[in-house]
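*Asks:* Below is the structure I would like to discuss, written out as C-alpha cells.
The values are calculated or read from the model by the stated rules, or taken from the named source; none is laboratory data. None of these values were measured; they are calculated from a predicted model. Ideal geometry is used to build each Cβ from the backbone, glycine not excepted, and the neighbour counts take in all protein chains shown. Heavy atoms of the whole protein, side chains included, go into the accessibility calculation; ligands, DNA and RNA do not. Shrake-Rupley method; radii C 1.70, N 1.55, O 1.52, S 1.80 Å.
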Amino acid sequence: MDSKITTKRVIIGPDNFKKVVDLSSTSKIGLPKGQIDTDFLSQIKPGNSFEVHGVKYYVLNCDTFDYIMHSLKRQTQIVYPKEGAYIAMRLDIFPGKRVGEAGTGSGAFTVYLSRAVGPYGRVYTYEQREEFYKLAQKNLSEFLEFDNVIMYNKSINDGIKERDLDAFFLDVRKPWEVLEEVRKALKPAGHLGILVPTTNQVSESLAALEKNGFYISEVSEIMLRKYKLIPQRLRPEDLMVGHTGYLIFARKLE
C-alpha cells in the first residue's frame, strides 16, 4: 500500500478547533472563518502558523492519535487509544513481532499495530464483512507507514492461516467460539487479548479460555477523564466516555 502519511496535516485554532487535512487534495480547506488552498498550506512547515481573517491557526504533522480520532472513517466501534496502548503493552508488542487480529472493523487498531511492529514485523488481520474490509483497506492506505499488514476478507471460524504468532487480538462478538483456532495460530506461551463490551461476554470468554488451555492473567476496564484546558478554572470536562469495553488477557499453555 502507498502511504499518504506524509501529506496529512493537522490544523489547530481557537476554541479547540482541530481539523485533519490531506495536502494531496485539490479541494479548498474550510475553516471556522474562511478557507485556504492546499497549495498555500503545503508551503507552511509543521509547527508554524498562518492567519485567515485575523484568526491565527497552527499547522502540525498528523500523528496516529489525530488520524484515528479525527480523520479515520468508521462504520464500527473502534479500539480507542486509551485501550490501544495498554493492549500493546500487555501483548508485549514491539518491532519485529508477528501479530494476528480479528475483526479488523474500521482498521483503527490495525493502524496502531502496524506502527508498533515496525517494518520487519507483520500484522495479519481478518474481517468477515466485506463492507468493513473495504473500509479498512481505504483507511489503512491513508496512513500506513510500513507495508507490513496482510488483510483477509474471511472469518477466523474458517481457520487462521498463520502459525507461531507472537500475539493475537480478538474484537469479535463471540470470541469463545474461535479460541480453538486462535490457539492453533499462537506460539507456545503466546499472548492473547480480547475486547468485549458486556460482562456476560466476559464470563463466556473466561470459561472458554480455561477449557482451551489458556492462563488468564487479567480482566480489566480502562477509564479516561479529561480536563478543561483553562489554567484559571482547572476542572474535569463535563462529559466523558464512561465505558468502551472490558479487556481480557491470557497466555497459551502447553
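*Asks:* Out of 26, 7, report the one residue that is closer than 23 Å to residue 73 by Cα and loosely packed, with under 12 Cβ neighbours inside 10 Å.
*Replies:* Every option except 26 fails the conditions.
*Asks:* Would you check which residues across the range 8-21 are farther than 14 Å from residue 52 by Cβ and either over 20 Å from the mean Cα position of the chain (by Cα) or in contact (Cβ under 8 Å) with a residue 60 or more places away in the chain (or both) and list them?
*Replies:* Residues satisfying the conditions are 8, 10, 15, 16.
*Asks:* Let me ask something additional. Of everything in the range 90-111, what is closer than 17 Å to residue 252 by Cα and in a helix (DSSP H, G or I)? Give them in sequence order.
*Replies:* 90
*Asks:* Also: Please go through the range 207-229 and give me each residue that is surrounded by fewer than 15 Cβ atoms within 10 Å (Cβ to Cβ) and in a helix (DSSP H, G or I), ordered by number.
*Replies:* 207, 210, 211
*Asks:* Only one of these is among the acidic types (Asp, Glu), in the same structural domain as residue 95 (by the TED database), open to solvent by 10 Å² or more (accessible area, probe 1.4 Å) and not in a helix (DSSP H, G or I): 131, 145, 204, 180. Name it.
*Replies:* 145
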